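Visitor: Sending over a structure as structure tokens; questions will come in a sec.
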Amino acid sequence: MNKNSALRLSVLGLLLCFVQQMAHADLWAHVDERGVTHFAAEQVDARYQLFFRGNDFDSTRDAPANASPMPYALPAAGARLLAFFDIAPDYKRVKHHLRAASVKHGVDYELLQAVIATESGFDATAVSPKGAVGLMQVMPATANRFGVSSDAKRTVEQKLADPAVNVPTGTRYLRHLLDLFPGRMDLAVAAYNAGEGAVQRAGNQIPAYKETQSYVRTVLGLYAQLKPPAPVLAQRAAPGRVRMELSGGATNRGNLPPTRVAQTRDQNLNQEPVVNE
């Protein structure tokens, strides 16, 4: 067995440890030949294996900000997810960019982890068929809105292939969406996938697109494991079964293709111009 195969097996083995620990949100995972991990809300093909299992989420149901907490997930899986990130080389190479963007723009570090894991599997070279680029799969038009422009040396697309540009730009856009839908992380995540216009046209609900519904469940499912509510954090140190809760929102994505074709989105929306940084 070569070194790459051994790494893939070790990563996949760590992912499969979740199966016996989870009970409230289905996620599937596939580690490709390059060691990139792809998450999905359903078994996209035979290569995907169950990451963790859980409750179905009705994304057509309006979930107000003051909705009762939804039962969500279980304990030790969170620690194993952290361990997975600790051994993933693509993540380790860029985590300092996540940390800096998280602090600068006031977006949870764990939410950035979840978004990037879902969008690109931490593959900085990922490009979608519609032209979304890099770790956070930022569209060039969106990058323009948030201050990234071509210059004599590099196009916008080339700049977005650089994690030092991609992560801050995607984080600024995510911050904008969190502010646009205050108290509704589920809607902000849906808008990151489908565009804020799609969420607004749906009456400030998650649009009835299977792709977007699945995407939201995946991102928030990962986020819930990476950053559970404070009471669950305290309980993780204790033995036994722990129940995690997440107020209003979704938890899945079913369209991250097995060949690293990343998510596309409708982001052509009106917004006031911003000054280049």
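Visitor: Please verify whether residue 218 is closer than 17 Å to residue 108 by Cβ, surrounded by 19 or more Cβ atoms within 10 Å (Cβ to Cβ), in contact with a strand residue (DSSP E or B) (Cβ under 6 Å, 6 or more places away or on another chain) and hydroxyl-bearing (Ser, Thr, Tyr), treating the condition exactly as stated.
Guide: It is true that residue 218 is closer than 17 Å to residue 108 by Cβ, surrounded by 19 or more Cβ atoms within 10 Å (Cβ to Cβ), in contact with a strand residue (DSSP E or B) (Cβ under 6 Å, 6 or more places away or on another chain) and hydroxyl-bearing (Ser, Thr, Tyr).
Visitor: Output the qualifying pairs, or none if there are none: Cβ atoms under 7 angstrom, residues six or more apart or on different chains, first residue in region 83-97 and within 18 Å of residue 108 (Cβ to Cβ), second residue outside any helix (DSSP H, G or I) and of a type in the set (A, V, I, L, M).
Guide: Listed pairs, sorted by first residue: 94/124; 94/135.
Visitor: Also, quick follow-up: How many of the residues making up region 109-142 are assigned to a loop (DSSP other than H, G, I, E, B) and under 12 Å from the mean Cα position of the chain (by Cα)?
Guide: 6
Visitor: Something else now. Could you tell me whether any residue of region 81-99 is of a type in the set (Gly, Ala, Ser) and within 25 Å of residue 187 (Cα to Cα)? Can you show your working first?
Guide: Taking region 81-99 first, the residues of a type in the set (Gly, Ala, Ser) are 83, 88.
Subsequent filtering for residues that are within 25 Å of residue 187 (Cα to Cα) retains none.
The answer is no; no qualifying residue exists.
Visitor: Can I ask one more? Return the pairs, sorted by first residue and then second, in which the second residue is modelled with pLDDT of 95 or more and part of a loop (DSSP other than H, G, I, E, B), the first residue lies in region 180-209 and is farther than 23 Å from residue 143 by Cβ and among the polar types (S, T, N, Q), the beta carbons are less than 9 Å apart, and the residues are 6+ apart or on different chains.
Guide: Every condition considered, the pairs that remain are 204/181; 204/184.
Visitor: In region 90-108, what residues are in a helix (DSSP H, G or I) and not aliphatic (A, V, I, L, M)?
Guide: Listed by number, the residues that qualify are 90, 91, 92, 93, 95, 96, 97, 99, 102, 104, 105.
Visitor: Residue check: is residue 200 out of contact with any Gly (no Cβ under 9 Å at 6 or more places or on another chain), at pLDDT 90 or above, surrounded by 16 or more Cβ atoms within 10 Å (Cβ to Cβ) and part of a loop (DSSP other than H, G, I, E, B)?
Guide: On the way: out of contact with any Gly (no Cβ under 9 Å at 6 or more places or on another chain): yes; at pLDDT 90 or above: yes; surrounded by 16 or more Cβ atoms within 10 Å (Cβ to Cβ): yes; part of a loop (DSSP other than H, G, I, E, B): no.
For residue 200, the condition - out of contact with any Gly (no Cβ under 9 Å at 6 or more places or on another chain), at pLDDT 90 or above, surrounded by 16 or more Cβ atoms within 10 Å (Cβ to Cβ) and part of a loop (DSSP other than H, G, I, E, B) - is not met.
Visitor: Of everything in region 110-151, what is touching a helix residue (DSSP H, G or I) at 6+ places or on another chain (Cβ under 6 Å), farther than 15 Å from residue 163 by Cα and free of Cβ contacts under 8 Å to residues at least 24 places away in the same chain? Give them in sequence order.
Guide: Hit for region 110-151 is 150, nothing else.
The values are calculated or read from the model by the stated rules, or taken from the named source; none is laboratory data. Predicted model only: the values in this text are computed from it and were never measured. Note: ideal-geometry Cβ built from the backbone for every residue, glycine included; neighbour counts use all protein chains shown.
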